[in-house]
Amino acid sequence: METVSVNLGSRSYPIRIGHGILANFGAAYVDRGLGKSAAIVTNPTVAAHYLEPVRNSLSAAEVQVTVVTMPDGEAYKTLETAGTMCGDLIRAGLDRGSCIVALGGGVVGDTAGFVAATYLRGIDFVQVPTTLEAQVDASVGGKTAVDHPLGKNIIGAFHQPRMVYIDTDTLRSLPRREMAAGMTEVIKHGLIRDPELVACLEEKLEALVDLKVAPEEIDGLIAQNCRIKAGVVEADETEAGLREILNYGHTVGHAIEVVTDYRVYRHGEAVRLGMLAAGKIALDKGFWRGADFQRQNALIRRLGVPEGAEHLNVNRLLERMESDKKARSGVIRFVLPEAIGRAVSCDTVTRCEMGAGIRYMQRYSAEEGQELI
Ligand code: NAD
Ligand code: GLY
């Protein structure tokens, strides 16, 4: 088992990564000195696969366990679901010394994390992520939130988990579309921070998405992504500056999720479309070279260009972007790459440049990734 540390003073925590380690979760939980009473928050899809080993390992470690389930899907990452969850916790008698165990993908992790941040003004929580998206991104860094019809992740709090526990074998039951969605964030991490990771993806993207490599290599990939994210979060926990680069592709991506009511694209797919738009803006503004843009787009093509973006209304996307929480005083902020492995945040993108970026993304989507530059 590998451990990546997130060093945040009194809020520091370990990320434990390995394969076939789920049955040892209870022991790791007790080692961290967490509460004698725990609520496992999950959804029916994940519960069918992984609830028993997690529950049994906690019971074997003499932890009293309550199970709380939320419906499956981004459309349920809402205040209403969080409210229902709080009712379940109150009825189960969870107190300040209790701990929430978020077992699932980013939707379960963000919602359970938000409840942990607010229930009794904040209790401990642990992330046990079971999607690639959550293992390489959502479970690390303490951003918790629910969505609103008017904005993605717009109601939330920074609340760091006490531990992240990743069994990469859980990826074996994940549909390929979900693996590809999560791999978008891996590409993102490479593009903003790690040229070697981009080279590795160029060599074996399909084998990684299909898990046709040794389990140790998957563990290593997850660990490398956790290190990248941890490094950024350690430098800027509450997104005063540097952490913004983790939002590459998200300005347009979040707007796409909102205007499609969170029902058409997976989060990673919307971000993939957003990276096409932001990459084009970076090209037009002279931030990066055409050759780098083409390397990004080649990876996106191999992962799959999400279809149907040509039907999105450009003005509605722009409106959403203006009211997104990443905008400050109405100025829309974009993360733009400067080279493979380096990105900056920029607030001087004109409406015209945004429109050109979005229209490029739409043509790319309509033509399934025909090279357009
Ligand atoms: P998700 O949680 O909806 O999971 C995707 C699907 O896979 C769901 O149907 C889920 O039930 C199922 N599933 C989960 N694990 C499985 C497994 N092992 N086997 C089979 N099926 C499984 O989506 P996601 O892509 O994991 O997360 C997306 C969410 O994460 C978005 O809401 C996004 O905003 C959020 N996110 C948050 C952060 C953050 O820093 N907090 C970062 C990135 C993404
Ligand atoms: N996913 C962006 C962040 O954690 O900051």
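Coordinate-derived values only; no laboratory data. This structure is a prediction, so every number in the text was calculated from the model and none was measured. Neighbour counts run over all protein chains shown; Cβ positions are idealised from the backbone, glycine included.
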In a Gaussian network model of the chain with springs linking alpha carbons closer than 10 Å, the residue among 335, 146, 30 that fluctuates most is 30
Check: C-alpha center region 71-120 vs C-alpha center region 147-186, spacing in Å is 15
Under 5 Å between amide hydrogens, which residues at least 5 positions from residue 338 or on another chain qualify, with H placed 1.01 Å from N in the peptide plane?
343, 344
How large is ³J(HN,Hα), in whole Hz, for each residue of region 86-96 in order, when computed from phi with the Karplus curve 6.51 cos²θ - 1.76 cosθ + 1.60 and θ = phi - 60°, using x for Gly and Pro?
4, x, 4, 5, 4, 4, 7, x, 5, 10, 4
Which order do the peptides 65-76, 108-119 come out in when sorted by mean C-beta neighbours inside 10 angstrom, highest first?
108-119, 65-76
Net charge of neighbours whose Cβ lies under 12 Å from the Cβ of residue 76, counting Lys and Arg as +1 and Asp and Glu as -1
-3
Using the Cα centre of region 215-312 as the reference point, and only Cβ charges (+1 on K/R, -1 on D/E), how large is the resulting charge dipole? Debye, rounded to the nearest 20.
400
Counting sequence-distant residues (5 or more places) and residues on other chains, those with an amide H built under 5 Å from that of residue 148 are 153, 154
Which residues' amide hydrogens lie under 5 Å from the amide hydrogen of residue 39, considering only partners 5 or more residues apart or on another chain, with H built in the peptide plane?
66, 99, 100, 101
Just to check I understand the Karplus step: with θ = phi - 60° and J = 6.51 cos²θ - 1.76 cosθ + 1.60, what whole-Hz values come out for region 47-55, glycine and proline as x?
4, 4, 8, 10, 5, 4, x, 6, 4
When the convex hull of its Cα atoms is projected in every direction, mean area for region 54-157 (nm²)
6.4
Quick check: from the Cα gyration tensor, does region 228-373 come out rounded (a/c under 1.5), prolate or oblate?
rounded
Taking the Cα centre of the chain as origin and charging only Cβ (+1 Lys, Arg; -1 Asp, Glu), how large is the dipole, in debye to the nearest 20?
600
In what order do 148, 250 fall by count of nearby beta-carbon atoms within 10 Å, going from fewest to most?
148, 250
Add -39500 (n - 2.57) for each DSSP H run of 4 or more in the chain, then divide by its residues: what number comes out at 222 nm, to the nearest 500 deg cm²/dmol?
-15000 deg cm²/dmol
